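Trainee: Right, I'll just put the structure down here and ask away after.
The values are calculated or read from the model by the stated rules, or taken from the named source; none is laboratory data. Note that the structure is predicted; figures quoted are calculated from it, not measured. Neighbour counts are summed over all protein chains in view; Cβ atoms, including those assigned to glycine, are modelled from backbone coordinates with ideal geometry. We work out accessible area using only protein heavy atoms, side chains counted, and drop any ligands, DNA or RNA first. Shrake-Rupley method; radii C 1.70, N 1.55, O 1.52, S 1.80 Å.
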Amino acid sequence: MPNEFDAIVIGTGQAGPSLAARLAAAGMKVAIAERARFGGTCINTGCTPTKTLVAGAYAAHVARRSAEFGVTIEGRVGVDMKRVKARKDEISGSSRTGIETWLRGLPNCTVYQGHARFESAHEVRVGDQLLSADKIFINVGGRATIPAMPGLPGTPYLTNSSLLDMDTLPPHLVIVGGGAVGLEFGQIFRRFGSEVTIVEMGPRLAAHEDEDVSATVLDILQREGIQVYLNAKCIAVARSADGIVAHTDCTSDGPDFAGTHLLLSVGRTLNTGDLGLDQAGVARDARGTIQVDDELRTNVPGIWALGDCNGRGGFTHTSYNDFEIVAGNLLDHDTRRVSDRITAYNLYIDPPLGRAGMTEAQARASGRRVLMAKRPMSRVSRAIEKGETQGFMKLLVDGESKQFLGAAILGTGGDEVIHCVLDMMYAHAPYTVMQRAVHIHPTVSELLPTTLGDLHPL
Ligand SMILES: Cc1cc2nc3c(=O)[nH]c(=O)nc-3n(C[C@H](O)[C@H](O)[C@H](O)COP(=O)(O)OP(=O)(O)OC[C@H]3O[C@@H](n4cnc5c(N)ncnc54)[C@H](O)[C@@H]3O)c2cc1C
C-alpha cells in the first residue's frame, strides 16, 4: 500500500521547499523528495557559491588596483584558495542546512531522501517507499550539459559543480562556452591568478545580448588578460602532458589552446530523463522540457512543473516566482500567470550587466516605434569616483505608450540599478514618471532620468 499524501513535491530547488511549506501550512499532508543536496543548484553549485567567489575575486582585483586609489599594500597580493573555498562552503552550507532543517521541522511535511520516479500519474517511488497523492509538483532542475565533443571521452574535464570542489588554483583554465557560467568563472579565476582562455563556437560572447553588450563584455574580459577565441566552429579536446588541449577546428588546422584544466559550460541538461514521466503521461519536448500552461500545469491534471525543468525561466527568481504562481492559484484564489512575468536577469561579471525586458534587437524586431537612449559609464560621476567606468546604460521605450520596453545596464551597480527600470515596467508607468523623479546623488541610478532626456527614435 502506498503512503498517502495530499501533495508530493519532487526536488528541493528554488520552488519546491516554499511550496511544500505553503501547502503544509494550508493543512495538506505533504511529502517532499530530494535525491542530492538540499537547496538544489542555486545554493550548492550555482548562484550562491559563484557569487561568493565573484566577491572574493573582486577583493583580489581591487587589492591589485589599490595603488590607483593611493592605498599601498606591501608585497604581492596573494590568494589562498583553501580559504576562498572554505568561505564559499560555509555560506553555501549554511543555506543548505537551513533549508533541510526547516523542511524536516515543518508540521504536516515528510522529507524523503532519494531519487523520486513516477510509477503512475498519482504515484511516485522513492527508494523502497511508494507515495501517492492527487497533486504532484516537479521541481527537478538541471545539470551541466556534457556535449558530444570529439576527444572528450578520455580527457579530464570540470563542470560548474566539480570546479567548485577544487581548493587549488588551476594554472591555466580553458573554458568551452562563452555564456553566463563560462564568463563568470573565467573572470573569477583570472582574478584569482589563473591564466584563462575562453573558447566559444559562436561569433560573440553572451550571444543573447545586443552586439554592443557582447563587444563591451569581450573588452572587459580581454583587458584583464583573458584570452578569448570566437567562431570555434568545431571544438575538439584531448589530454596532453600538461593537462588538456582544445582544438578550435576539428576538421582543419585551427588554432589550438593548451591548458591545465578544462571547464565545460555549454548549457544545462534538465533532470527530466529519469523521472518516469512516461509512466505518468507527462509531455516533454525533445530537450526534456516539461510542457506547461500559463499556470504551470502539465498536460496531466494534478501534475505541475516548476523551475528550470519547465523551460519558462532558468533563474532562481523565476523558479521562486513559479512557486508564487502555483500557490497563488491553488491556495489564494489569486490568478497569477507566467506571462505576467517580465524577463530580468543579471550577468555577474564585474562590472555586472543588469537586464530587463527586451534587447535593442528584440525592440527593433517588434515593429513598434522605439525610442532609445544610451550613456557611457564614463559619464556617470559615481562610476568615475569609484574608478569603474567600463560599460554603458541603454534604455528602450515604446514611442506610443511611453512605457519602458527594456534596458541593459552594463556597469558598476548595474545589477541593482536595473530594478529601477524593472519596477517601472511592472507599474506600466510612462518613462516620464522616472524622468521627474529626484534620484539620490551620487549614484548610478541618478543618471537614469538624465539619460531619458536623450531618447531618440531607433
Ligand atoms: C554556475 C551557475 C550559476 C548560476 N547563477 C545564477 C544567478 O546568479 N542567479 C540566478 O537567478 N540563477 C543562477 N543560476 C541558475 C539557478 O541556479 C537555477 O535557475 C535555480 O537553481 C532554479 O533551479 P530549480 O528550482 O529549477 O531547481 P534546482 O535548484 O536545480 O534543484 C532541483 C533539485 O531537484 C533534485 N532532483 C532532481 N531530480 C530528482 C529526482 N528524480 N528525485 C529527487 N530529487 C531530484 C536535485 O537534486 C536538486 O536538488 C545559476 C546556475 C549555475 C549552474
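Trainee: List the trypsin sites (Lys or Arg not before Pro) within the range 1-93 that fall in a DSSP loop (any state other than H, G, I, E or B) and whose Cβ has at most 14 other Cβ atoms within 10 Å.
Mentor: On the way: sites: Arg22, Lys29, Arg35, Arg37, Lys51, Arg64, Arg65, Arg76, Lys82, Arg83, Lys85, Arg87, Lys88; in loops: Lys29, Arg35, Arg37, Arg65, Arg76.
Passing both the DSSP loop test and the Cβ count: Arg65, Arg76.
Trainee: Ranked highest first by average number of other Cβ atoms within 10 Å, how do 213-221, 55-63 line up? Could you put the intermediate results ahead of the total?
Mentor: Working: 213-221: 19.9, 55-63: 17.1.
Packing proxy ranking, top to bottom: 213-221, 55-63.
Trainee: While we're looking at this one, here's another question. Provide Ile8, Ile99 ordered by accessible surface of protein heavy atoms (probe 1.4 Å), highest first. Provide the component values of the computation, followed by the final result.
Mentor: On the way: Ile8 0, Ile99 30 Å².
Output order, biggest surface exposure first: Ile99, Ile8.
Trainee: Excluding same-chain residues fewer than 8 positions from Lys394, which aspartates and glutamates have a Cα within less than 18 Å of its Cα?
Mentor: Glu209, Asp210, Glu211, Asp212, Asp219, Asp350, Glu360, Asp415, Glu416, Asp423, Glu446, Asp454
Trainee: Now for a separate question. Can you tell me how much longer the chain between Glu4 and Asp274 gets when fully stretched, taken as 0.36 nm per residue apart minus their C-alpha distance, in nm with one decimal?
Mentor: Gain on stretching Glu4 to Asp274: 94.9 nm.
Trainee: A further question follows. From the phi angles alone, apply the Karplus equation (6.51, -1.76, 1.60; θ = phi - 60°) to the range 346-351 and give each ³J(HN,Hα) in whole Hz, x where the residue is Gly or Pro.
Mentor: 10, 10, 8, 7, 10, x
Trainee: Identify unpaired cysteines across the chain, taking unpaired to mean no other cysteine Cβ lies under 4.7 Å from the residue's Cβ.
Mentor: Cys109, Cys309, Cys420
Trainee: In addition: What is the calculated FRET efficiency for Asp334 to Tyr426, with r their C-beta to C-beta distance and R₀ = 25 Å, to the nearest 0.05? Mind showing how you got there, number by number?
Mentor: Details: r = 16 Å, r/R0 = 0.63.
It comes out at approximately 0.95.
Trainee: Any chance you could look up the accessible area of Phe38 with a 1.4 Å probe, heavy atoms only, rounded to 10 Å²?
Mentor: Accessible area of Phe38: about 0 Å².
Trainee: From the C-alpha gyration tensor of the range 64-172, pull out the three semi-axes of the equivalent ellipsoid (sqrt of 5λ each), sorted largest to smallest, in whole Å.
Mentor: For the range 64-172, the ellipsoid semi-axes come out as 43, 24, 12 Å.
Trainee: For the range 229-319, state which chymotrypsin sites (Phe, Trp or Tyr not before Pro) are in a DSSP loop and have at most 12 other beta carbons lying within 10 Å of their beta carbon.
Mentor: Working: sites: Tyr229, Phe257, Trp304, Phe315; in loops: Phe315.
Here no chymotrypsin sites (Phe, Trp or Tyr not before Pro) fit, given the DSSP loop and packing criteria.
Trainee: Relative to a virtual label point 7 Å from the Cα of Arg297 in the Cα→beta-carbon direction, which members of the range 2-38 show backbone nitrogen distances below 18 Å?
Mentor: Only 7-8 pass the distance filter.
Trainee: For Leu173, what is the net charge nearby, where nearby means another residue's Cβ is under 14 Å from its Cβ and Lys, Arg count +1, Asp, Glu -1?
Mentor: Values: positive: Arg190, Arg191; negative: Glu184, Glu195, Glu224, Asp242.
It works out to a net charge of -2.
Trainee: In nm, what is the difference between 0.36 nm times the number of residues separating Glu211 and Ala283 and their Cα-Cα distance?
Mentor: Details: separation 72, 0.36 × 72 = 25.92 nm, distance 3.60 nm.
So the chain would gain 22.3 nm between Glu211 and Ala283.
Trainee: If you average the C-alpha positions of the range 73-112 and of the range 145-198 separately, how far apart do those two centres end up, in angstrom?
Mentor: Rounded to whole Å, the Cα centres lie 22 Å apart.
Trainee: Can you sort Tyr426, Tyr112 by 1.4 Å-probe accessible area, starting with the largest? It would help to have the intermediate numbers written out before the result.
Mentor: Working: Tyr426 105, Tyr112 35 Å².
These residues rank, largest area first, as Tyr426, Tyr112.
Trainee: Estimate the FRET efficiency between Ser94 and Ile384 by the formula 1/(1 + (r/R0)^6), using the beta-carbon distance for r and 41 Å for R0, to the nearest 0.05. Walk me through the intermediate numbers first.
Mentor: Details: r = 37 Å, r/R0 = 0.91.
FRET efficiency, Ser94 to Ile384: 0.65.
Trainee: How much accessible surface does Ile342 have with a 1.4 Å probe, in Å² rounded to 10?
Mentor: Here the accessible area works out near 40 Å².
Trainee: Ignoring ligands, DNA and RNA, how do Glu400, Glu34, Glu385, Glu100 rank by accessible area with a 1.4 Å probe, largest first?
Mentor: Working: Glu400 130, Glu34 20, Glu385 110, Glu100 55 Å².
Final ranking, largest accessible area leading: Glu400, Glu385, Glu100, Glu34.
Trainee: When only C-alpha pairs under 8 Å and at least 6 residues apart count, what is the relative contact order of the chain, in percent?
Mentor: Once divided by the residue count of the chain, the mean separation gives 14 percent.
Trainee: Is the shape of the range 407-458 best called rounded, prolate or oblate, per the rule: a/c under 1.5 gives rounded, else a/b larger than b/c gives prolate, else oblate, with a ≥ b ≥ c the square roots of the Cα gyration tensor eigenvalues? Display every interim value, and only then the final one.
Mentor: Numbers: a/c = 1.27, a/b = 1.22, b/c = 1.04.
It is rounded, given that a/c, with a ≥ b ≥ c, falls under 1.5.
Trainee: So the label point goes 7 Å from the Cα of Trp102 along Cα→C-beta, right? Which residues of the range 18-35 then have their backbone N under 14 Å from it?
Mentor: Within reach of a label on Trp102: 18-25.
Trainee: Moving to a separate point now. Can you give the FRET efficiency for Ser252 and Val77, using 1/(1 + (r/R0)^6), R0 = 35 Å, r = Cβ-Cβ distance, to the nearest 0.05? Can you show the working numbers first?
Mentor: On the way: r = 42 Å, r/R0 = 1.20.
Using R0 = 35 Å, I get an efficiency of 0.25.
Trainee: Separate question: Excluding Val54 itself, calculate the net charge of residues whose Cβ lies under 15 Å from the Cβ of Val54, where each Lys or Arg counts +1 and each Asp or Glu counts -1.
Mentor: On the way: positive: Lys51, Lys85, Arg87, Lys88, Arg190, Arg191; negative: Glu184, Glu224, Asp350, Glu388, Asp415, Glu416.
Overall, the nearby charge balance is 0.
Trainee: Please give, to one decimal in nm, the separation of the simple spin-label points placed at Thr145 and His419, each 7 Å out from Cα toward the Cβ.
Mentor: Inter-label distance under the simple model: 3.2 nm.
Trainee: Taking the Cα centroid of the range 231-295 and of the range 391-458, what is the distance between the two, rounded to the nearest whole Å?
Mentor: 37 Å
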